[in-house]
Each structure stands twice: as C-alpha cells, then as structure tokens.
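Just below is one structure, and these are the notes that go with it.
The values are calculated or read from the model by the stated rules, or taken from the named source; none is laboratory data. Because the structure is predicted, anything quoted here is derived from the model rather than measured. Virtual Cβ from ideal backbone geometry, glycine too; neighbours counted across all protein chains shown.
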Amino acid sequence: MKARRIILFSAAVVLAAAAATWFYIQFAGRSGETGPQNTVPAQLTPRELRFAAGSPQLSFIKVEAVQALPEPLIEPLNARVAYDENYTVRVSSPIAGRVIRIRAQPGDHVAKGQPLVSLDSPDFAAAAADLAKSNSDVQQKQKAYARASELYQGEVIARKDFEVAENDLRQSEAENTRAKLRLRNLDPGLSNAGSAGFTLRAPIAGIVAERNVNPGAEVRPDAPNPLFIITDPTHLWVLIDLPERYLGKVKVGQKVTIEVDAYAGGDFWGQVASISEVLDPATRRVQVRCVVNNPGRQLKPEMFARVTPIEDERVKLPRIQNSALITQGLYSFVFVEKEPGVFEKRQVLLALQGHSESYVREGLKDGERIVSVGALLLNSELAGVD
C-alpha cells in the first residue's frame, strides 16, 4: 500500500513538471512573436534618425508636405466676409399694405423688374385714383381754356375771364404732374396703374439672399428691416479691423490672401479697396475694406476669415505649422522626412513667425515633407541616441 502511494506521487510530480515545461515553451514562443524587436532608432548621422518599420514612435508622428505661399508682410488678421454694397440692394415697401402673395424665395435668381411680393394697399389705390381724377380734370380744363380762347379772340368775354381759364388749366396740369410723380415713385414702371393691388419689384438682377416677410403680414415704409436683400454673390467685401501698429504696412491696391475654416488650404485673393480715415478710440483699430471676386460662390457673407497682406505675390516661401519648430537658443529647426522612417534635423531661417504658422526664408523647399506633430519626440530621441 505504501509502495503504491509512492508510485502515484512520483507520477504526479512528473506530470506537473511536464505541464510546466509545456506552458513555458508556449509563453516564451508567443512573447518572441509579439514583443518589439528593437524600439531604439538608429542614428545614421549626428542629425539623422532611422526607425524600423512598425516602431511605436511612428504612431505619434504626423508628416505633411510643405506648401509655398506668397510672402506676407504681417501675420494673418481677423476679418469677416460681408455683402458688397455696390452690388446689393435692400428692398423695402414704399407704401403701407398687407401681403397677399410672396413671389420670390431665398436663393432665387431674379431679373431686374421681376415681382417679389404682392400687396393689398389702399394707399396705392388712392394714389392711382388721384391720378385718374387729375387726368380727367386736365381734360376738362383744356376744353374750358380752348372755349375761353375762342371767345376772347371774338371779343365776347373780357381778358380777365380768359386769364382765369388759363390759370385753372395751369393748376390742373401741375396737380396732374404731382399725381404722376407720386405714382411713379411707388411703381416706377407704372405696371400697377389702375389696379388696387401693388407689386413690389426687384430693382436689380441678382440672388435673393434674405426674405423678411410672410404672407398676411402688414408692411409699412418705416419698417426697421428690409423685406428682401438682393445681391450678386460673386462680388463680396472682406472687412478687417486693422491694429494701429500695422497701419503703415497696408495700402490701397495691395493684394491680400483670404482663408476661411470651411476650405482648409484654399486661399482666395482680394485687394485692399479703402482704408478708413478714422481710428476707433475704443479698440485702437482702423477698418480696412477689401474686395474679392467669388465666382464659385464659396465664400458666404458673415463668414469669419483670416486676411494676410502680401507685398509681392511672385515671391513665395514655405509655410509651416509652429508645432513643427524646435527652438534651441537663437536657432530654429525642423525634422524633414528623407524617406519613410528616416528623419533629418535641419536648421531653418524664419522670415515671419506668427501665433500658429511661420514662413521659412532658408532651409526648406516647396513640397518637402516635414514632421508637423511629434517633432519634440524626435528631438528627444536624437538627444538620447549614443
């Protein structure tokens, strides 16, 4: 019995040892397959690093191609896009009335003279009736004057009676002219003459940008907001609140580049049209108005924009993000990707350094790929490699 227990115990020990050996072999094999072989980059030169494919450091690095843009005079200025008032009309009703039909919607292209809204207007009907009454009165006074003229020539009536008839005709004609001008002011084309309804028409061709009227609403000439805004969206203004310290670097006729968040990397060209003669005493800024052509209608009024004045559009410099810069003392460096996994630390000379972007005068070319995110990581790796 005792010998049997010894045999069973020995067999259990052998099985446990075999199981431990098997688990060790499996674990060691998996560790060799999944563990990183070498996470330390190789130093090719004092300023070059090479990372093996699949190195974990590469997942923290973002590489972008450099784009050359015209050299700016100053850093980008905050601005907003606005209607070009030379191509914009705010349409209000010249007469009180009630809206009975809306004939144009926002986004519609309208021609000059096209109906926008129809009104039921007693005041317009009264103006049309005044003109009709005045026309009738003029005809009557013309006949009376003709009779008085014949009688006066035949010495039947006195000169006084003839002059009274002539004066009545002149007064009637003056009243008729007033009634015509009144109606023409309300309806330039006299297209509503003889009708109790009044149709408000587009004074220019363009796009209906805004509509501030609803069916059944009462409108009046002194309303604070226009009923419609019609504009040509291919022509816009960009308004800059220029800080006083930059006033000497901006001039009328100067080219500018315009950027908006909606179109990353897409620059629009504009030109300084006017610089205000008055400085805002509260903000110490001057309003600068730029004109920009917008044939694709990508820019929209009230967009926020960044405007950069350009001295010479023919001179272009690489633009980089400030996150790509490594500053050591008085010098600036960037990491340039020579080939996949190989990065070179290169000294650059900056022409202009703004809050978020910088322009490089020397050390970088258009189209080269640089590290925009992770430059500090590469710099620490380079310093740590023996």
Report task. Scan the stretch 333-348 for residues that are in contact (Cβ under 8 Å) with a residue 60 or more places away in the chain and of a type in the set (F, W, Y) and jot them down. Result -> F343
Query raised in the report: For S323, all conditions in the list (1) part of a strand (DSSP E or B); (2) surrounded by 14 or more Cβ atoms within 10 Å (Cβ to Cβ); (3) among the hydroxyl-bearing types (S, T, Y) hold save one; what is the number of the exception?
Result: (1)
Query raised in the report: Of the residues that make up the stretch 369-385, is at least one modelled with pLDDT of 90 or more, in contact with an Asp or Glu (Cβ under 9 Å, 6 or more places away or on another chain) and either more than 29 Å from R306 (Cβ to Cβ) or not assigned by TED's automatic domain parsing to the domain that holds P56 (or both)?
Result: no
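Grab the strands (runs of 3 or more DSSP E) fully contained in the stretch 250-310, keeping just those with 3 or more residues being in contact with a Leu (Cβ under 6 Å, 6 or more places away or on another chain). Walk me through how you get there before you give the answer.
On the way: elements: 255-259, 268-275, 285-293.
Those strands (runs of 3 or more DSSP E) span 285-293.
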Query - Filter pass, A53 being hydrophobic (A, V, I, L, M, F, W, C), assigned to a loop (DSSP other than H, G, I, E, B) and in the same structural domain as I326 (by TED's automatic domain parsing) - result: yes
Query raised in the report: Do we find a residue being loosely packed, with under 13 Cβ neighbours inside 10 Å, modelled with pLDDT of 85 or more and within 30 Å of A82 (Cβ to Cβ) anywhere in the stretch 153-163?
Result: no
Query - Hits in the stretch 301-318 (condition: modelled with pLDDT of 90 or more, farther than 16 Å from E85 by Cβ and loosely packed, with under 15 Cβ neighbours inside 10 Å) - result: F304
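Condition check: under 35 Å from the mean Cα position of the chain (by Cα), surrounded by fewer than 15 Cβ atoms within 10 Å (Cβ to Cβ) and in a strand (DSSP E or B). Does N86 satisfy that?
Working: under 35 Å from the mean Cα position of the chain (by Cα): yes; surrounded by fewer than 15 Cβ atoms within 10 Å (Cβ to Cβ): yes; in a strand (DSSP E or B): no.
When the stated conditions are applied, N86 does not pass them.
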Requested in this report: Starting from the stretch 359-381, keep only residues that are under 15 Å from L349 (Cβ atoms), then list their pairs with residues that are acidic (D, E) and exposed (fewer than 14 other Cβ atoms within 10 Å of the Cβ) whose Cβ atoms are within a distance under 9 Å, requiring at least 6 positions of separation or different chains.
Outcome: none
Report summary line: Residue count, the stretch 269-288, condition closer than 23 Å to L236 by Cα and surrounded by 11 or more Cβ atoms within 10 Å (Cβ to Cβ), comes to 12
